[in-house]
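Student: The structure follows.
Derivation of every value follows stated rules applied to the coordinates shown; laboratory data play no part. These numbers come from a predicted model, not from an experiment. Please note: Cβ atoms are built from the backbone with ideal geometry, for glycine as well, and neighbour counts cover all protein chains shown.
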């Protein structure tokens, strides 16, 4: 153990000669004593863990106080030590970091028995808040999670292993990516993928191994070819090549709706040179000697990513007509790509890097704002994941200001990026000097001018086209606030008309005794809830008159109640899942109020919604509610084309069953000598479950194509 601390100190001194060695040694001795006689699930001494965390922090060249915190991070949580002892012995800076990490761990322990998505979202919010003042909290937590993932195989509780791996995949790996720590991101993704979806990982690895053997030495041959090409022009460089990791391939299969055989660029090469100027020399040389693929060029040197990442990306046609991704960067750029935000501290004091003031951390505060505006755990995980795990597009204002937006962003996203008031009042856009609809997807380099009107306000339809999570949450909030008066009037009309249709005299005084039952402050609040579809008029009548039986043929719809639960509706509320778009749990949804007929639930991209674009009072903000006691099943529909040979259909059926899906119906659409075309209805938990099944089917050798279909 003495050798370990000596190695840690040696590592720190290699990049920080003036580090406070006494502070790190003191933290080592303090933590070792505090964790004495404690063991981990593997049976190893608990103190091995803080040692490994501290070593990981030195790999990304973090400062001395961070390394000391890595040694101390579990003392308050897992021993008799209290925070005042940490402050008295190590000062306020280390005490603050330990406190931030302890709060995160406490939340994790308290929520560990809950559904893993809810646990992840609560944990994530706590992590962001603790890091909003000092980004080192996230970095130390990432090191803690990375070592825990390395030892996760010692856990015997498979459910707990899955929860930890799922949280790692959905939150911590994207955080590592956002912070620019590529090596940690790759390891977190791969280790989590092996637990969350082991069959998919195994299948991809088998395919990669096959390709490696089939195209023997192709990576080495490409590397030598690139090196020879650059050497001819007198360019000194270092070139590395690799196959992409299984999880990134899995994501691409899901995102692009393709099979493994349709993947092209599974190899990536990195060219490192001495200067920015040399990067562009390399680019010119590569493009002169190899065919480039249009639309696959990105210049992150002139327009760096939020986390400071700088590089040139291009894709070429290499030997054997293989598509090859190439990244070109200088040594300084490479250091930032390896160590992420921590690399900035090589040039700055860590105390000068204030999270709340630094431009590169504005995404962190945006995430906190998003989380303040969403209600459900699912929305928190989904919206924050979108914001973390995104590809970017860069657009310009007429004045030349550049705005970084998620891929597929529209002028609506651009308008809100300029200013929230511009977004709220936008009515149109000019893209590259031409009037274009607000729904147009932006491309890199577009010049965007937003047309505004003081008479305009956000439309509910905008949420369908906005990509930025922050923008979508703002639109939802605005639309909800504007609907209140309309809901009150609409709800009162619904209730009076329903009383009239049942031939019952209506008097507002009869509503007062039931306000408490419906948790309404006053009658107007009750009207608002009826207008918004939270309560039905028939349920109000039954509450006032328990023995009442409806005279109408259209009763209270109780026989049509779907077993799923929706937020924004009360249990027993009449609604139906529309057949035009067949929403399943996890889809973005909206409710449309139909007087006297309940709520129709549509996916947010359903074409039917266009006919309601001028009826904002009929729109209801709803979302899927988690049911922790019961597993809700939804029917998702897919279309697949498979090879017509013995065993193909059996292989597809077995794979669906293996991924916990249940086939409820199969239709043969077309059949030829070579292929079947099938429509398959599958009972699934949610859209993520369905997407995983689709992705697994795309890896099956007998499958030509798979896609989800609506209706």
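Student: Once label points are set 7 Å from the Cα along Cα→Cβ at both residue 313 and residue 653, what is their separation, rounded to one decimal in nm?
Tutor: For the pair residue 313/residue 653, the computed spacing is 4.2 nm.
Student: Right, here's the next one. Would you please give the FRET efficiency between residue 289 and residue 20, computed as 1/(1 + (r/R0)^6) with r the Cβ-Cβ distance and R0 = 35 Å, to the nearest 0.05?
Tutor: Values: r = 52 Å, r/R0 = 1.48.
Once rounded, the FRET efficiency stands at 0.10.
Student: Report the calculated FRET efficiency for residue 447 and residue 77 (r = Cβ-Cβ distance, R0 = 45 Å), to the nearest 0.05. Intermediate results must be reported in sequence, preceding the final value.
Tutor: Values: r = 52 Å, r/R0 = 1.16.
Efficiency computed from Cβ-Cβ geometry: 0.30.
Student: Given a Förster distance of 30 Å, report the FRET efficiency between residue 667 and residue 206 from their Cβ-Cβ distance, rounded to the nearest 0.05. Don't jump to the answer; show the numbers that get you there.
Tutor: On the way: r = 32 Å, r/R0 = 1.05.
Efficiency, from the Cβ-Cβ distance: 0.40.
Student: Right, something else. Assuming 0.36 nm per residue, please report the length gained on full extension of the stretch residue 709 to residue 517 beyond their Cα-Cα distance. If you can, show how the numbers build up before the last one.
Tutor: Working: separation 192, 0.36 × 192 = 69.12 nm, distance 4.22 nm.
Working it through step by step, the gained length comes to 64.9 nm.
Student: Pop a pseudo-label 7 angstrom from the Cα along the beta-carbon direction at both residue 681 and residue 156 and give the gap in nm to one decimal.
Tutor: 4.4
Student: Turning to a different aspect of this structure: Please report, in cubic angstrom per residue, the volume enclosed by the convex hull of the alpha-carbon atoms of the range 201-352. All intermediate terms of the calculation are to be shown ahead of the outcome.
Tutor: Details: hull volume 20.6 nm³, N = 152.
Spelled out: Cα convex hull of the range 201-352, divided by residues, is 136 Å³.
Student: Please state the equivalent ellipsoid semi-axes for the range 390-457: what are the square roots of 5 times the Cα gyration tensor eigenvalues, largest first, in whole Å? Could the numbers behind the result be given before it?
Tutor: On the way: eigenvalues 63, 30, 24 Å².
Result for the range 390-457: semi-axes of 18, 12, 11 Å.
Student: Give or take rounding to whole Å, what are the principal axis extents of the alpha carbon atoms in the range 164-259, in descending order?
Tutor: Principal-axis extents of the Cα atoms in the range 164-259, largest first: 50, 34, 22 Å.
Student: Next question, about the same structure. Label-point separation (nm) for residue 456 and residue 33, each offset 7 Å from Cα along Cα-to-Cβ?
Tutor: Placing both labels 7 Å beyond Cα along the Cβ direction yields 6.7 nm.
Student: Starting from 0.36 nm per residue, how many nanometres of slack lie between residue 691 and residue 430 once their C-alpha separation is accounted for? Mind dumping the intermediate values first?
Tutor: On the way: separation 261, 0.36 × 261 = 93.96 nm, distance 3.62 nm.
Full-extension gain reported as 90.3 nm.
Student: Another one. Normalised by the empirical 2.2 N^0.38 Å for globular proteins, what value does the Cα Rg of the range 634-708 take? Intermediate results must be reported in sequence, preceding the final value.
Tutor: Details: Rg = 11.3 Å, N = 75, 2.2 N^0.38 = 11.3 Å.
Normalised Cα radius of gyration, the range 634-708: 0.99.
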